[in-house]
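K.L.:
If you scroll down you'll find the structure; I have some questions about it.
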Amino acid sequence: MLRYLGGRIGQSLLLLLGVSVIGFALMHLAPGGPLAVYTLNPTVTAQDIARVKHEFGLDQPVHVQYVKWAFGLLTGNWGYSFFGGRPVGGIVLERLPATLELMGSSLALALIIGIASGIVAAVRRNTVIDYATTTLAMLALSLPTFWFGLLGIYVFAQTLGWLPAGGMASTGGGGVPDRLRHLLLPMLVLGFVLVAQWSRYTRSAMLEILSQDYIRTAEAKGLRPMRVLLGHGLRAALVPLVTLAGLQLPLLVGGALVTETVFSWPGMGLLFVNALGTRDYPVLMAILMVGALVVVVGNLLADIAVAVIDPRIRLTHV
Amino acid sequence: MTMTAAFGRRQLLAGGAALATLGTGRMAAAGAAGQCVLGVTQEAVNFNPLLYVNTGVETSVEYIVFDALWQIAPDGRFFPNLAAEIPTQANGGISADGRTWTIRLRRGVTWHDGTPFTAADVAFTLETILNPKVTVRSRNGHDHVAKFTTPDDGTIRIELRDDFAPYMVSWQKTSVIPRHILAGVPDINTAPFNTAPIGTGPFRFRERVAGSYIGFEPNPHYHLGAPKLTSLIQKYVPDQQTLYAQFQTGEVDIYDLQGIPPLLYSRASKLPGSRVLLSPSPFVEFIYFNCGKPQFSDKAVRKAIYMAIDRKGWIDAVYYGVPQPTLSYLPPNHWAYNRNLKDPGFDPRQAAAMLDAAGWRVAADGVRAKDGVRLAFTMSTTAGNKSREQAQQLVQQNLKKINVEMTIRNMPASVVWGDYTVKSEFDTLMVGWDPLLYPDPDYTDRIASSLIPARGGSGSNYVQYQNPEIDALCAKGTATIDQAERKQIYDRIQEILLDDLPFAPIFAYELVVGVKDRVHGYEVNPYTPINSWNTGTWSVS
């Protein structure tokens, strides 16, 4: 187990290194750059641009810039935002709680509703409930997030006036109920696609397991149906689902970019979209690394969890 | 099955009840007494008035927290703010040769922390702008300064290296920063001040909630009178549709930058409890011709293209009739706009005749050519800009009718506005730009023959326009202080430009701004990039 763990951690570190090199290279080699903001501003002269370029260190070769940046990252100096003039660490970290709140609640929603509806659909397969869940899930999977978000705002904020049209809280604070009201729509929008995925996966995993001999044995022994379903059925279905949780993280991070923009949710996704527009390299790289870290660690945890649940996996690596 | 169905229904009911309970708190914070919420679609992140790059939303914070020596009113007149009076040649503030400026400052002004404001602050601001280590976005004309002194606490004397009448605008666009806070800071670029500013303005900076809003509280000691609002919020809502929804529900009182999408203009004007205003902007939409390319070195081609384009159709079909047509690089409401310019009009037949006369004959492939040069070119702008893409198709159709072939070649913003523009690699561009030191009408930077970057110049004459008469007029314009005299010079410049057409002016942008009826004192100012120039006099009922 320890060897397995060590191997996976080693892989993860290599992956992060790869992400940083590719991300940095792509960002710097793409045409244009942070100085385009100045070109667009007619009040900035060519000399001003050259001066700013030197001050930002952008006149040095890309590999020198990378080494400086990577060394800074390891020693805890993440650099300064080109346009905010503040340390990048602070800029990114102050956005993290908002993103975690949105992602966490959406994931929780997806787990509860997705697994429950998947089980129900599997147990009642080929009934109205099954078809209804399947149709809803396909609908959710094919709807673009931004469209669904705008629809939600139109119906619940503009037309019915039940919920606020974006933001994380009313200006000047607001208590827990106020924050919940703000959370509801973005959480549903971001969670909807995940619910659909969980529902589909749970359904097919359960279908496969429910036809196994040991389920029939358990039923024949006279166990209560709930016990058979959850104790024997769901438990066996968990292995692919835990892997799915790991695989969903990139989807969640990507979905957060769009959802945060539509709902002006003050998280890292919104910050990333902004920084992308101005090519604020230090901020972009920091968010990229935090995002990569979340995905890599999430997948690592999922792999470990699978190994714990399913002895066959860890045994093949011993 | 009945079990699950019942469970489902109960769950649904519970959900509905939860929604209803949450709904009762609606608009609890919006419309709070004395509070005004200004909605914008971009986030202000740097509040140092010398360092920020995001003109508009960051200018707004500048206007709210800081002061310049003088301001500009909606009618184009300057009025004193930190200065005691506007310097003129008549009152001795400007020397007879126009090169020595003696500015007397207002007494009794204090910074938000109580420290008195003096001439040392103005001198420090100028030092910071000229310091090569500080990443100021623009020197705003202060690079014409030779030296400056502070004869006493209430006076600053500045000597210019050369004739530079637009210097008046330099100080209208330069907010003064506090010396006592920033003089000892090791690196101004990363000073904490940049996100926790201290100014002399009508409001004090209270808080910034990253990604959400910036909160301001009134400065009761403000030298132009204490503000009437008890709280001012600049709220950041990135999506235009979402901001519109918040304006509709009352979560936002003013929808300013980037303006309500023109598509929603007629719907917005019918919203109850609010009004919709058109806010003129300094940005003029152009077709930029690269005069260095063989197709465009012939003035007849540029004029024929201008005449073949249905500009009114462009404004009406793509922009819902909101922008103002203009024949100059200035918006039609500007004091220096030449009202006698003659519109060549939309006349494809005459355009074709002009090309025939100039020797551009229709060849076998259906496209005009002359001396082996085909009258075919590309037009570029930011990829993904829907309105511009529609306009390009319209222009393409217009030009096809006079046998001119135009190909659309759009690129991401950071590419098209990089070397492709600066080094004049384009054929034509569709672009919206404003003058260098707007609202000053000086346009030297874009039209003087010595300022072509592709030929080693340092300006932004990307169209590679060369005309000795224009060069002489530009020099005369910046050397003349008297406004009436300057008006004549710029009238002539605009007349020549409309005849030469190095760039084809189409329209001046206007923003559709939404204001709730409860807000009073909000006034559109065509000379400022955002309308928060007079927040000190705003109030809510």
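K.L.:
Within region B:230-251, can you find the residues that are β-branched (V, I, T), in contact (Cβ under 8 Å) with a residue 40 or more places away in the chain and either within 7 Å of chain A (Cβ to nearest Cβ) or under 20 Å from A:G267 (Cα atoms) (or both)?
P.N.:
Selection gives B:I233, B:V237, B:T249.
K.L.:
Now a separate question. In region B:282-292, what count of residues is obtained for those that are within 23 Å of B:R388 (Cα to Cα) and not in a strand (DSSP E or B)?
P.N.:
2
K.L.:
Need pairs with beta-carbon distance below 7 Å; first residue closer than 9 Å to B:N403 by Cβ and within region B:358-374, second of a type in the set (F, W, Y); sequence gap 6+ or separate chains.
P.N.:
Listed by first residue and then by second, the contacts come to B:R368/B:W360.
K.L.:
Among the residues of region A:147-155, is any modelled with pLDDT of 90 or more, part of a helix (DSSP H, G or I) and over 30 Å from A:L276 (Cα atoms)?
P.N.:
There is at least one residue in region A:147-155 that is modelled with pLDDT of 90 or more, part of a helix (DSSP H, G or I) and over 30 Å from A:L276 (Cα atoms).
K.L.:
Then there is this: Looking at region B:128-139, is at least one residue under 29 Å from the mean Cα position of the chain (by Cα), in a strand (DSSP E or B) and in contact (Cβ under 8 Å) with a residue 40 or more places away in the chain?
P.N.:
So far as region B:128-139 goes, no, none of its residues is under 29 Å from the mean Cα position of the chain (by Cα), in a strand (DSSP E or B) and in contact (Cβ under 8 Å) with a residue 40 or more places away in the chain.
K.L.:
So if I check each of A:I112, A:I119, A:I91, which one is β-branched (V, I, T), at the interface with chain B (Cβ under 9 Å from one of its Cβ atoms) and under 25 Å from the mean Cα position of the chain (by Cα)?
P.N.:
Exactly one residue qualifies, and that residue is A:I91.
K.L.:
Sticking with this structure for a sec: Go through region B:194-213 and count every residue that is buried (at least 19 other Cβ atoms within 10 Å of the Cβ) and within 11 Å of chain A (Cβ to nearest Cβ).
P.N.:
Final tally of qualifying residues: 8.
K.L.:
Here's something else I'd like to know. Out of curiosity, is A:V228 assigned to a helix (DSSP H, G or I), in contact (Cβ under 8 Å) with a residue 24 or more places away in the chain, among the hydrophobic types (A, V, I, L, M, F, W, C) and more than 13 Å from every other protein chain (Cβ to nearest Cβ)?
P.N.:
Considered against the rule, which asks whether it is assigned to a helix (DSSP H, G or I), in contact (Cβ under 8 Å) with a residue 24 or more places away in the chain, among the hydrophobic types (A, V, I, L, M, F, W, C) and more than 13 Å from every other protein chain (Cβ to nearest Cβ), A:V228 comes out as no.
K.L.:
Check whether at least one residue in region B:429-451 is within 14 Å of another protein chain (Cβ to nearest Cβ) and touching a Cys at 6+ places or on another chain (Cβ under 6 Å), and report yes or no.
P.N.:
Within region B:429-451, one or more residues are within 14 Å of another protein chain (Cβ to nearest Cβ) and touching a Cys at 6+ places or on another chain (Cβ under 6 Å).
K.L.:
Moving on. Please find, within region B:234-280, the residue that is nearest to B:Y438 (Cα to Cα) out of those that are touching a Pro at 6+ places or on another chain (Cβ under 7 Å) and crowded, with 19+ Cβ neighbours inside 10 Å.
P.N.:
So, considering only residues that are touching a Pro at 6+ places or on another chain (Cβ under 7 Å) and crowded, with 19+ Cβ neighbours inside 10 Å, the one nearest to B:Y438 (Cα to Cα) is B:P280.
K.L.:
A follow-up question, please. I'd like to know if region B:100-109 contains one or more residues that are buried (at least 20 other Cβ atoms within 10 Å of the Cβ), free of Cβ contacts under 8 Å to residues at least 40 places away in the same chain and either of a type outside the set (K, R) or not in a strand (DSSP E or B) (or both).
P.N.:
no
K.L.:
For region B:82-99, does any single residue satisfy the condition of being modelled with pLDDT of 95 or more, surrounded by fewer than 17 Cβ atoms within 10 Å (Cβ to Cβ), under 18 Å from B:G225 (Cα atoms) and under 29 Å from the mean Cα position of the chain (by Cα)?
P.N.:
yes
K.L.:
I would also like to ask the following. Counting just the residues of region A:149-159 that are under 24 Å from the mean Cα position of the chain (by Cα) and of a type in the set (A, V, I, L, M), which one comes out farthest from the other protein chains (Cβ to nearest Cβ)? Walk me through it before giving the result.
P.N.:
Initial filter on region A:149-159 (under 24 Å from the mean Cα position of the chain (by Cα)): A:149-153.
So of that shortlist, the ones also of a type in the set (A, V, I, L, M) come out as A:150-151, A:153.
On the way: A:L150: 6, A:L151: 11, A:I153: 5 Å.
Checking each candidate, the answer is A:L151.
K.L.:
Only one of B:G418, B:G384 is within 14 Å of chain A (Cβ to nearest Cβ) and closer than 21 Å to B:V463 by Cβ. Can you tell me which?
P.N.:
Just one listed residue meets the conditions, B:G418.
K.L.:
With the checklist (1) away from chain B (no Cβ under 11 Å); (2) touching a Ser or Thr at 6+ places or on another chain (Cβ under 6 Å) in hand, flag the one item A:A292 doesn't pass.
P.N.:
Against the list (1) away from chain B (no Cβ under 11 Å); (2) touching a Ser or Thr at 6+ places or on another chain (Cβ under 6 Å), A:A292 comes up short only on (2).
K.L.:
Answer with yes or no whether B:F216 is more than 10 Å from every other protein chain (Cβ to nearest Cβ) and at pLDDT 90 or above.
P.N.:
It is true that B:F216 is more than 10 Å from every other protein chain (Cβ to nearest Cβ) and at pLDDT 90 or above.
K.L.:
If a residue has to be more than 15 Å from B:L243 (Cα to Cα) and crowded, with 20+ Cβ neighbours inside 10 Å to count, how many in region B:510-523 make the cut?
P.N.:
Residues meeting the conditions: 2.
K.L.:
Follow-up. Run A:W162 past the list (1) touching a residue at least 60 places away in the same chain (Cβ under 8 Å); (2) facing another protein chain (nearest Cβ under 7 Å) and report the number of the one that doesn't hold.
P.N.:
(1)
K.L.:
Identify, please: which residue in region A:75-88 is surrounded by fewer than 18 Cβ atoms within 10 Å (Cβ to Cβ) and polar (S, T, N, Q) and is, among those, farthest from the other protein chains (Cβ to nearest Cβ)?
P.N.:
A:T75
K.L.:
Identify all residues within region B:496-533 that are within 17 Å of the chain's Cα centre (by Cα) and assigned to a helix (DSSP H, G or I); write none if there are none.
P.N.:
Result: B:S532, B:W533.
K.L.:
Shifting gears a bit: Yes or no: B:D143 more than 23 Å from B:I198 (Cβ to Cβ) and assigned to a helix (DSSP H, G or I)?
P.N.:
Judged against the criteria, B:D143 is a match.
K.L.:
If only one of B:T59, B:T4, B:T21 is modelled with pLDDT of 90 or more, out of contact with any His (no Cβ under 9 Å at 6 or more places or on another chain), within 12 Å of chain A (Cβ to nearest Cβ) and part of a helix (DSSP H, G or I), which one is it?
P.N.:
Details: B:T4 fails: modelled with pLDDT of 90 or more; B:T21 fails: modelled with pLDDT of 90 or more.
Criteria check complete, one pass: B:T59.
K.L.:
Now for a different question. Charged (D, E, K, R), under 30 Å from A:S170 (Cα atoms) and more than 18 Å from the chain's Cα centre (by Cα): is that true of A:D280 in this structure?
P.N.:
Yes: the conditions hold for A:D280.
K.L.:
Please determine, by comparing only the residues of region A:122-135 that are closer than 20 Å to A:P240 by Cβ and assigned to a helix (DSSP H, G or I), which one is nearest to the other protein chains (Cβ to nearest Cβ).
P.N.:
Within region A:122-135, the match that is nearest to the other protein chains (Cβ to nearest Cβ) is A:V123.
K.L.:
Return yes when A:M138 is surrounded by fewer than 18 Cβ atoms within 10 Å (Cβ to Cβ), more than 12 Å from chain B (Cβ to nearest Cβ) and either touching a residue at least 40 places away in the same chain (Cβ under 8 Å) or on the phi > 0 side of the Ramachandran plot (or both) and no when it is not. Before the answer, list the steps.
P.N.:
Details: surrounded by fewer than 18 Cβ atoms within 10 Å (Cβ to Cβ): yes; more than 12 Å from chain B (Cβ to nearest Cβ): yes; either touching a residue at least 40 places away in the same chain (Cβ under 8 Å) or on the phi > 0 side of the Ramachandran plot (or both): yes.
Yes.
The values are calculated or read from the model by the stated rules, or taken from the named source; none is laboratory data. What you see is a predicted model; the values in this text were computed from it and never measured. Using ideal geometry, Cβ is built from the backbone for each residue, glycine included, and neighbour counts are taken over all protein chains shown.
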